[in-house]
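Q: Please read through the structure below; I'll follow up with questions.
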């Protein structure tokens with residue numbers, strides 16, 4: 001499953017596709033620009049035409065992935081289907097999006113200390129949480145989510161989930177990062193449903 005939109009510029013497409021593949025497998029700290037260009041079949045001149053450095057490329061990919069993921073979730077939430085089905089489809093989407101994620105990428109993403117990337121990750125987290133919270137406030141008004149859950153708790157819980165994946169004790173309970181991500185996803189979604197629809 002492509003994690004971002006298609007680009008008109010074919011060289012950019014090659015570069016971003018290969019960068020994603022390599023980063024997803026090996027993490028972004030271990031992959032050099034030289035290796036990336038060689039694997040993508042593009043020159044370093046092409047790389048620097050589009051990106052200032054590797055951090056700029058990582059930022060671009062994370063932003064594209066986040067925007068595309070939000071669009072897919074919004075498409076699901078705007079479908080004319082029962083809310084329970086929307087939740088099921090959302091969980092299936094998350095399952096597809098996190099398949100084959102490497103421990104190296106997971107660790108790079110969760111534990112890197114680059115100030116530029118931290119800013120991007122934080123901005124995307126805030127944006128994503130706002131969108132998800134808005135969906136659930138609407139679902140709560142429609143009677144699809146328990147009335148006794150405060151929207152502020154949803155925001156707190158989502159933020160806390162993001163911090164939980166940095167806890168080595170929790171991460172070590174799972175064989176693969178994908179398993180932890182899906183555990184948290186299932187817990188969040190299905191924990192919100194009214195008892196009669198679980």
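Q: Mind checking which helices (runs of 4 or more DSSP H) fall wholly inside region 1-106 and carry at least 2 residues that are over 18 Å from residue 185 (Cβ atoms)?
A: Values: elements: 10-26, 33-40, 44-50, 54-77, 83-98.
Where helices (runs of 4 or more DSSP H) fall fully within region 1-106 and carry at least 2 residues being over 18 Å from residue 185 (Cβ atoms), they are 10-26, 33-40, 44-50, 54-77.
Q: Which residue is nearest to the chain's Cα centre (by Cα), if the candidates are limited to region 50-62 and must be crowded, with 16+ Cβ neighbours inside 10 Å and farther than 15 Å from residue 108 by Cα?
A: At the first step, the residues of region 50-62 found to be crowded, with 16+ Cβ neighbours inside 10 Å are 50-51, 54-55, 57-62.
Pick out the ones that are also farther than 15 Å from residue 108 by Cα and you get 50-51, 60.
Details: 50: 23, 51: 22, 60: 13 Å.
Per the criteria, the residue is 60.
Q: Next up: Being more than 17 Å from residue 92 (Cβ to Cβ) and either at pLDDT 80 or above or in contact with a strand residue (DSSP E or B) (Cβ under 9 Å, 6 or more places away or on another chain) (or both) is the filter here, so list the residues in region 178-198 that pass it.
A: Scanning region 178-198 gives a single hit, 180.
Q: Something else about it: Going by the conditions given, is residue 139 modelled with pLDDT of 85 or more and either touching a helix residue (DSSP H, G or I) at 6+ places or on another chain (Cβ under 6 Å) or at positive phi (or both)? Explain how you work it out, then say what you get.
A: On the way: modelled with pLDDT of 85 or more: yes; either touching a helix residue (DSSP H, G or I) at 6+ places or on another chain (Cβ under 6 Å) or at positive phi (or both): yes.
Criteria met by residue 139.
Q: For residues that are exposed (fewer than 14 other Cβ atoms within 10 Å of the Cβ), assigned to a helix (DSSP H, G or I) and in contact with a helix residue (DSSP H, G or I) (Cβ under 7 Å, 6 or more places away or on another chain), tally how many sit in region 142-163.
A: Matching residues across region 142-163 total 2.
Q: While we're on this one: Given the structure, is residue 45 modelled with pLDDT under 85 and not assigned by TED's automatic domain parsing to the domain that holds residue 136?
A: Details: modelled with pLDDT under 85: no; not assigned by TED's automatic domain parsing to the domain that holds residue 136: yes.
Taking the combined requirement at face value, the residue does not satisfy it.
Q: Give the number of residues within region 122-141 that are more than 21 Å from the chain's Cα centre (by Cα) and either touching a residue at least 40 places away in the same chain (Cβ under 8 Å) or crowded, with 16+ Cβ neighbours inside 10 Å (or both). Outline the logic, then answer.
A: Our first condition is that a residue be more than 21 Å from the chain's Cα centre (by Cα); within region 122-141, this holds for 137-141.
Those still in the list that are either touching a residue at least 40 places away in the same chain (Cβ under 8 Å) or crowded, with 16+ Cβ neighbours inside 10 Å (or both) too: 139-140.
Final tally of qualifying residues: 2.
The values are calculated or read from the model by the stated rules, or taken from the named source; none is laboratory data. Remember, predicted model here, so these are calculated numbers, not experimental data. Here Cβ is always computed from backbone atoms with ideal geometry, including for glycine, and neighbour counts include all displayed protein chains.
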